[in-house]
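Read through the structure below, which is laid out as structure tokens, and then see the notes.
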Amino acid sequence: MENNTLTSLDIYGNNITSRGMRVIGNVLKHNQCLKRLELSENPIGDEGIEIIRDGLKENTSLTSLSLTYNDFGQKGGEAIGSILEQSEHLTSLDVSNNDFEEEGLIKIGEGLAKNNSLISINLSCISIGIKGARAIVSMLEQNKSLTSLNLEKNEISDEGFKLIVDGSTENNYLTSFQLQLNSIKCNEEVDIDNMLKHNKCLVLLDLNRDPIGEGEKKN
């Protein structure tokens, strides 16, 4: 599929499987005008994202990629980590509502740590455990391009929340940090205050419906 004019392709919710993704892979390889690709709500699975990864190796135009509810697992996380590591043009990525498992999320964190182009990433609703939280902390300490990070609704544990907040003090690039709906109950006012003191760029911090401090009140 060769086209020299298409800049945005939206195929949200079209029931595309990994088999149909071969066409999309060819689009990525041959279309150097495409800037936005929306593939959410398609059961492309790990095989589908691997096809996207291979297609992006030959693509220099895509800047925005949306991949929510795509049935990714650990291998999908590994493929996304590879995309992030190799990409020099992608600026916006949404991979929310996928179950990467912790090992897959670690690979995403490693890819982000080496990425210098991405500005915004949505990692909401992917169930971040302790290993995943550590991967995010490592990424925050190394990444110098990301300005918007969404970790909404991840059931982050109190320990994971502490790790992420402490790690955020080493980052001076984030301007938007969304941590809402994580049911965090530990008393973390001091840690948050410390993060805000160190981060001179943050303009939005969302802790909506995180009952911070309730854990201490109940003791």
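A few points about this structure:
- Distance in nm between pseudo-label sites at ASP193 and ASP158 (7 Å out along the Cβ direction from Cα): 1.9 nm
- Computed over the chain, relative contact order equals 13 percent, with contacts defined as Cα pairs under 8 Å that lie 6+ residues apart.
- Contour minus Cα-Cα distance for ASN116 and ASN15 (0.36 nm per residue): 33.1 nm
- Using a Förster distance of 22 Å, the FRET efficiency for LEU204-TYR173 (Cβ separation, nearest 0.05): 0.95
- Diffusion coefficient, µm² s⁻¹, Stokes-Einstein with Kirkwood Rh over alpha-carbon pairs of the chain at 4 °C and 1.567 mPa s: 73 µm²/s
- A simple packing score, the average count of other Cβ atoms within 10 Å per residue, orders the peptides 170-180, 102-112 as 102-112, 170-180, with the highest score first.
- Among 115-124, 200-209, the peptide with the highest mean count of other Cβ atoms within 10 Å heads the list, and the full ranking is 115-124, 200-209.
- Measuring between their Cα centroids, the range 125-160 and the range 1-43 lie 29 Å from each other.
- Only lysine pairs 8 or more places apart or on separate chains count here, and in the range 12-144 those with Cα atoms under 28 Å apart total 22.
- Counting charges near SER117 (Lys, Arg +1; Asp, Glu -1) among other residues having Cβ under 12 Å from its Cβ returns a value of 0.
Only the coordinates and a few stated rules stand behind these numbers; no lab work does. All of these numbers come straight from a predicted model, not from anything done at the bench. All Cβ positions, even for glycine, are placed from backbone atoms using ideal geometry, and neighbour counts span all protein chains on display.
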